[in-house]
Amino acid sequence: MENKNSKTTSEIDINLDDEIIVDEDTKTVTPLTIDTDVVDEDLDIDPKDRLPSRAILNADGSVTLPLKYSVPMKTKKNGKIKTRLFSTLNLHRLNGVDRRVIGSASDEMMSATALARMARLNQAVANRLDELMDISDTNAVGQVLANFTSTGLKTTKAG
């Protein structure tokens, strides 16, 4: 005969003072350390507006972006043909003139125009580079541009 008055209970002891992150994939427990004396202002930045992890922020506010896939290109200037290898891009902050030039470009040329202005490249070189660059590198350039136009480092240095 079954006893209808008996109950099965389980107790779980939860200590809300411990800050622990559980990674369910690896089944390991990592204590979360928070410095309560430091306010992290980067938490307000949209993740899409952050610099790519491989980007290097320079003292003048420009960003050196190593490309995942180098781009070889032959260029001709002053009658001389030379082979260039683009393995990094040095991207500079933009000003009002740059904004107007980029804004006046057609939709299909806007990314190449932004690349030319940021990397300070000849427009024809930037057009070809935009065509040849791997999409992951193109997206990283876009992330740098988003960082420049959001809450990225501001400088007062004329440049």
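Of all residues being part of a loop (DSSP other than H, G, I, E, B) and aliphatic (A, V, I, L, M) in region 53-72, which is surrounded by the most Cβ atoms within 10 Å (Cβ to Cβ)? Just the residue, please.
55
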Whether any residue in region 121-133 is in contact with a strand residue (DSSP E or B) (Cβ under 8 Å, 6 or more places away or on another chain), surrounded by 20 or more Cβ atoms within 10 Å (Cβ to Cβ) and modelled with pLDDT of 95 or more is what I want to check. yes
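Yes/no matrix, rows are residues, columns are (1) exposed (fewer than 10 other Cβ atoms within 10 Å of the Cβ); (2) within 15 Å of residue 54 (Cβ to Cβ); (3) within 20 Å of the chain's Cα centre (by Cα):
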{"residue": "74", "(1), (2), (3)": "yes, no, no"}
{"residue": "84", "(1), (2), (3)": "no, no, no"}
{"residue": "98", "(1), (2), (3)": "no, no, no"}
{"residue": "104", "(1), (2), (3)": "no, no, no"}
{"residue": "108", "(1), (2), (3)": "yes, no, no"}
{"residue": "112", "(1), (2), (3)": "no, no, yes"}
{"residue": "136", "(1), (2), (3)": "no, yes, yes"}
{"residue": "144", "(1), (2), (3)": "no, yes, yes"}
{"residue": "147", "(1), (2), (3)": "no, yes, yes"}
Please enumerate the residues belonging to region 74-93 that are hydrophobic (A, V, I, L, M, F, W, C) and either out of contact with any Lys or Arg (no Cβ under 7 Å at 6 or more places or on another chain) or under 19 Å from residue 117 (Cα atoms) (or both). 85, 86, 89, 91
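The values are calculated or read from the model by the stated rules, or taken from the named source; none is laboratory data. All values derive from a computational prediction rather than experimental measurement. Positions of Cβ are generated from backbone atoms using ideal geometry, with glycine treated the same way; all protein chains shown enter the neighbour counts.
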